[in-house]
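Q: Here's a structure for you.
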Amino acid sequence: PVSNLSLEQAVENGIKQAAAEMTSELLRSMSPSQIIDSFLIPSLEKVGNRFERGEIFLPQLIQSATAAQASFEVIKKIFAQNKTDQNTLSKGKIILATVKGDIHDIGKNIVKVVLENSGYEIIDLGKDVPDERILETIKNENIQLVGLSALMTTTVKNMEDAIQKIRKETRCKIVVGGAVLTESYALSIGADYYAKDAKAAMDIAKSVLG
Ligand code: B1M
């Protein structure tokens, strides 16, 4: 590596290239999920807290997010390689979306890769997704499971609205995730399941779709 930064330092300081390099380095001895859980998420949490305390500002937050995404791009390639030797038949389709008003998608994208790697076909509607779009896709594609992500206290309200609309018109199961949520809160806004991380999302997909 050209730098001697750790992955945490690279993410916390928003240095993209170092983050990518350190990830390749770590992948020699660690699994992708270990890297995500032990380095990427804790570093982003630290950065988020600094932002909240006013110690850093939006440009730095964006740089850190970009560095984390660069690390994840490297991780994604490993997932893709593992996928090739699995059977290619889809175990079922799942919609993923970050709810209206919310542009945080790093977590959703991690969940996507893990679910794809487990054999599910993911319809990724992206971020800041209007409820109507989610609803339409559920109906058009006859979807049995939708995963919604929300990262802010303000957008959890939008998540609740989306859940109500989905409930009213379909029988699709709903799993929710995102750092602001807890299991009891998720259930209180009407979700069927709460996934604290990608592994939990995988277990839920398995129990709903097989
Ligand atoms: Co923002 N941000 N951010 N941010 N950001 C938070 C969420 C915040 C908590 C930081 C803080 O102040 N401490 C805070 C929200 C506070 C609140 O709720 N009241 C905040 C804020 C305020 C904002 C802005 C408003 C800042 C501004 O503009 N003034 C703005 C929001 C704009 C908007 O959305 N409308 C904003 C912007 C950004 C960036 C663009 C710079 C960047 C996002 C880049 C991107 O996503 N493309 C960013 C980031 C990176 C963060 C923090 C630092 C990290 C989020 C993250 O990626 N975590 C975050 C602080 C924090 O979370 N501690 C923060 C890692 C990720 C892997 O975790 O998403 O929880 P997570 O996903 C996990 C699980 O939750 C679960 O699995 C994943 C993997 O384990 N999961 C699911 C998630 N979704 C799931 C869906 C499922 C299943 C499981 O369905 C099946």
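The values are calculated or read from the model by the stated rules, or taken from the named source; none is laboratory data. What you see is a predicted model; the values in this text were computed from it and never measured. Note that we place each Cβ from the backbone using ideal geometry, even for glycine, and neighbour counts take in every protein chain shown. The protein model used for the area step is the full one, side chains on, heavy atoms only, and it has no ligands, DNA or RNA in it. Shrake-Rupley method; radii C 1.70, N 1.55, O 1.52, S 1.80 Å.
Q: Provide the per-residue ³J(HN,Hα) series for segment 193-202, in order, calculated from phi with Karplus coefficients 6.51, -1.76, 1.60 and θ = phi - 60°, each as a whole number of Hz, with x at glycine and proline positions.
A: Once rounded to whole Hz, the list reads 9, 10, 10, 6, 7, 5, 5, 5, 4, 5.
Q: Shifting gears a bit: Which angle between 0 and 90 degrees, to the nearest 10, do you get for helix 131-141 versus the longest principal axis of the chain when only C-alpha atoms count?
A: Approximately 70 degrees, to the nearest ten.
Q: Report, to the nearest whole %, how much of the accessible area of the chain belongs to carbon and sulfur atoms, 1.4 Å probe, protein only.
A: With neighbouring chains kept in place, the figure for the chain is 52 percent.
Q: Here's a follow-up. Let me know the number of lysine pairs in segment 143-210 closer than 22 Å at the Cα, not counting same-chain pairs under 8 apart.
A: For segment 143-210, the number of qualifying lysine pairs is 9.
Q: Return one whole number: the accessible area per residue of segment 1-146 in Å², for a 1.4 Å probe.
A: Solvent-accessible surface per residue comes out at 54 Å².
Q: While we're here: Please identify the longest segment of the chain free of exposed trypsin sites (Lys or Arg not before Pro), where exposed means a DSSP state other than H, G, I, E or B and no more than 15 other Cβ atoms within 10 Å.
A: 92-170
Q: Starting from segment 31-120, pick out the GluC sites (Glu not before Pro) whose DSSP state is loop and whose Cβ has at most 10 other Cβ atoms within 10 Å. Don't skip to the answer; put the middle values down first.
A: Values: sites: Glu45, Glu52, Glu55, Glu73, Glu116; in loops: Glu55.
Sparse-neighbourhood loop GluC sites (Glu not before Pro): Glu55.
Q: Same structure again: Among all the aspartates and glutamates, which ones have a C-alpha under 17 Å from Lys46's C-alpha, if same-chain residues fewer than 8 places away are not counted?
A: Glu8, Glu12, Asp37, Glu55
Q: Working from Cα positions, state the angle (0 to 90°, nearest 10) between the long axis of helix 41-52 and the longest principal axis of the chain.
A: That helix lies at roughly 90 degrees to the long axis.
Q: Percent relative contact order of the chain, based on C-alpha pairs within less than 8 angstrom and at least six residues apart?
A: Averaging sequence separation for qualifying contacts and normalising by length gives 16 percent for the chain.
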